[in-house]
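Visitor: Before I ask anything, here is the structure I am working with.
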Amino acid sequence: MNSKEELSTLCGLTKARKLKRIPGPALVSTAILIGLCQVGLAQAPGSAPPSASASDGVTLFQNVRIFDGKSAPLSEPANVLIRGNQIEQISRAPIPVDRSATTRIIDGGGRTLMPGLIDAHWHAMLIRATPAQAFGDVGYNNLTAGDEATDTLMRGFTTVRDVGGPVFGLKQAIDEGIVKGPRIYPSGAVITVTSGHGDFRELTDLPRTIGGMLTRMEKLGGSMVADSPDEVRLRTREQLMQGASQVKLTAGGGVSSPFSPIDVTTFTEPELRAAVEAAENWGTYVAAHAFTPAAIRGAIAAGVKCIEHGMLMDEATARLIAEKGIWLSMQPLPEALRLGFPVGSVQRAKADEVFPGIGRTYELAKKYKIKTAWGTDVLFSRALAQQQGAILASLVRWYTPAEALIMATSTNAELLALSGKRNPYPGKLGVVEQGALADLLLVDGNPLENINLIADPGKNFLVIMKDGTVYKNALAK
Ligand SMILES: [Zn+2]
């Protein structure tokens, strides 16, 4: 028995007899003190186990022109060698490989090799479900979310930052190779206040008592209501315990929730600060949903590191975001989303208020050189999710194709890395460079010249690789 087994055995009540083989009680108490006796010795939440599909296999892309995720134009024709889940070598000269059965050679034919795409504002559990279904059968919702995760990967999105929803199980299943899907940076439940954005309770659920019964929404882990700094701290820590890589709060009103007007500021500064402290104690950060200058400023004052949306910001707030080095996680929301809310509904009125701010905010973000991440925020619509690449391509209203693609690869990856020690996938994402994680797309054409190629991934993404594993190869005979 090696020492690891001995210590593991200490935690198993049924194997207590083996304790006698361990020299002295000192080791027992040491094991307990240093926390080895985790229940069931489970994989620590958040840390990705080695993917079941990752292998020591070797893939060689020959004759590809590289968009490295950081700059245009494409490279001269080159060769890229992947070993295991990393890019080992990039070279213009031929790379010799042994032509054994474990080596896969892909002739790129001069096509474009680029990093896998990243969506920085995604809700993996809330795409296929209708709002009513989201409160319904957990098994059904997980299965449909798994199917959607596969579609997401097949659209070339190899990573998503999930900013709200009970996504921990899906992430685990993907990491274990049970379901095909993107890497997921989970936030877990959105934390909100009574009446805030994300409070989807009915009026008949009121009043709420602190410490009282949880509602269906909370039991599912979709969002948690917190109405004091202590409650916020508790709910934040619960998400971290489950493996959240970052924590998501709503600092102001939102479009889709029934009881939060857009103009309201929700959490108090001490409440937001409680979440920031708890997240920072875990080496990570808080992202806050906020539209208005007041909500954005309150969040920044409390130590929030990333503003989600920000679409009603003014010039002074844009300057503040830039000066403080705060991230802006923006979405070029499609008109179809606004038009999807019935005329006369509360949600439609709120969408009408927010949508004109999209263009203005992108202009401010450019003017003040704000660190800007890109995401979609698709909710409750499989059809819109299928437009994920098209929504990215729509950024060319404000950016060049290269700027848009840099945003959705290396820039988004920088935001992901803000999760520090809670990063479930340590390693470089969003770039094609030596030592980076091998999340790669082979594109039939040059997306820097024609960004609309990414709007039709089924046709134009010939190879999709995540973590060194090929999930699609349309070139294979
Ligand atoms: Zn969202």
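The numbers here are math on the coordinates, done by the rules we state, and not lab data. Everything numeric here is computed off the predicted structure, so don't read it as measured data. Every residue, glycine among them, receives a Cβ derived from its backbone with ideal geometry; neighbour counts consider all protein chains shown.
Visitor: Using only alpha carbon pairs under 8 Å that are at least six residues apart, calculate the relative contact order of the chain and give it in whole percent. Working shown, then result.
Guide: On the way: 1033 pairs, mean separation 87.7, N = 477.
Dividing the mean separation by the residue count of the chain yields 18 percent.
Visitor: How big is the gap, in Å, between the Cα center of the stretch 375-436 and the Cα center of the stretch 454-469?
Guide: 14 Å
Visitor: In deg cm²/dmol and to the nearest 500, what is the mean residue ellipticity at 222 nm of the chain if only DSSP H runs of at least 4 residues count, each as -39500 (n - 2.57), divided by the residue total? Working shown, then result.
Guide: Details: 18 runs with 149 residues, N = 477.
So the calculated ellipticity at 222 nm is -8500 deg cm²/dmol.
Visitor: I would also like to ask the following. Hand me the GluC sites (Glu not before Pro) from the stretch 305-385 located in a DSSP loop with no more than 11 other Cβ atoms within 10 Å, in residue order please. It would help to have the intermediate numbers written out before the result.
Guide: Numbers: sites: 308, 315, 323, 335, 353, 363; in loops: none.
Of the GluC sites (Glu not before Pro), not one in the loops of the stretch 305-385 has a Cβ with at most 11 other Cβ atoms within 10 Å.
Visitor: Taking θ = phi - 60°, what integer Hz values does the Karplus form 6.51 cos²θ - 1.76 cosθ + 1.60 yield along the stretch 266-275, in sequence order, with x for Gly and Pro?
Guide: 9, 5, 7, 4, x, 5, 4, 5, 4, 5
Visitor: Tally the DSSP beta bridges in the stretch 199-347 and give the antiparallel ones as a percent, rounded to 5.
Guide: On the way: 1 of 12 bridges.
Counting DSSP beta bridges with both partners in the stretch 199-347, the antiparallel share is about 10 percent.
Visitor: If you don't mind, there's one more thing I want to ask. Provide 90, 118 in ascending order of the number of other Cβ atoms located within 10 Å of each residue's Cβ, fewest first.
Guide: Numbers: 90 20, 118 31.
Listed from fewest to most nearby Cβ atoms, that is 90, 118.
Visitor: Under a no-solvent Debye model with one identical scatterer per Cα of the chain, what's log10 I(q)/I(0) at q = 0.05, 0.09 Å⁻¹?
Guide: Log10 of I(q)/I(0), two decimals: -0.20, -0.63.
Visitor: Which translational diffusion coefficient, to the nearest whole µm²/s, is obtained for the stretch 249-291 from the Stokes-Einstein equation, given a Kirkwood hydrodynamic radius over C-alpha pairs, 4 °C and 1.567 mPa s? Working shown, then result.
Guide: Working: Rh = 11.1 Å.
My calculation gives 117 µm²/s for D.
Visitor: Rounded to the nearest 5, what is the percent of antiparallel bridges among the DSSP beta bridges in the chain? Write out the running numbers ahead of the final one.
Guide: Details: 24 of 58 bridges.
That works out to approximately 40 percent antiparallel.
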